[in-house]
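What follows is a short report on a single structure.
Please treat every number below as a calculation from the coordinates, not as lab data. Being a predicted model, the structure only gives us computed values, none of them experimental. With ideal geometry, Cβ positions are generated from the backbone for all residues, glycine too; neighbour counts draw on all protein chains shown.
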Amino acid sequence: MARGFNLSSTFVHLGHGATATPVPDFEWSQQFLDDYTNRFASDGAEGLLVCVTPQDATWTTWERHPAGEEVVVLLSGHVEMIQEVDGEEHSIELCPGEAAVNPKGVWHRTVVHEPGAALFITPGMGTEHRPLSPVRDG
């Protein structure tokens with residue numbers, strides 16, 4: 001009998017043809033990310049990464065996804081997702097079981113009020129990061 005897996009350490013790549021490929025021992029290292037990108041390059045902007053990650057600290061960078069929209073489902077904890085739209089910050093409070101969509105190309109970050117975990121469905125191709133500005137984002 002097949003065994004289930006922990007979505008916190010074995011992420012899943014959703015690709016063309018409605019495929020779901022487990023990606024075990026996922027690491028946030030540049031080498032791992034480059035290998036992942038090369039492995040699934042043929043899926044282009046349609047490839048999605050599904051994972052559960054801890055939300056134990058307020059993010060120290062902004063992030064955006066030029067390839068498409070990202071779905072975030074808070075599984076536990078209490079966070080505030082901040083989206084920068086047309087130069088203005090908009091806040092979305094999330095409690096367990098609640099979800100939000102980060103629109104294509106919108107800079108976003110998370111402020112953690114109570115540590116927990118979130119499920120992400122992310123169009124990873126071309127994801128960008130930028131540092132927080134102490135003056136603007138403080």
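Quick notes
- Mean sequence separation of contacting Cα pairs (under 8 Å, at least six apart), scaled by the length of segment 40-138, corresponds to a relative contact order of 43 percent.
- Degrees separating the helix 30-39 axis from the principal Cα axis of the chain, which is the longest one: 50
- Per-residue [θ]222 nm for the chain (sum of -39500 (n - 2.57) over DSSP H runs n ≥ 4, rounded to 500): -2000 deg cm²/dmol
- Hydrodynamic radius by Kirkwood, which averages 1/r over all alpha carbon pairs of segment 61-105, in angstrom: 11.2
- For the chain, a crude dipole built from +1 on the beta carbon of Lys and Arg and -1 on the beta carbon of Asp and Glu, taken about the Cα centre, is about 320 debye to the nearest 20.
- Neighbourhood net charge (15 Å Cβ-Cβ; Lys/Arg +1, Asp/Glu -1) for PRO115: -3
- Among residues other than VAL79 with Cβ under 9 Å from its Cβ, the summed charge is -3 (Lys and Arg +1, Asp and Glu -1).
- Electrostatic bookkeeping for LEU48 treats Lys and Arg as +1 and Asp and Glu as -1; over the other residues with beta carbon under 12 Å from its beta carbon, the sum is -4.
- Listed values [x] 1.00; [y] 0.97; [z] 1.05, entry calculated as Rg/Rh (Cα atoms, Kirkwood Rh): [y]
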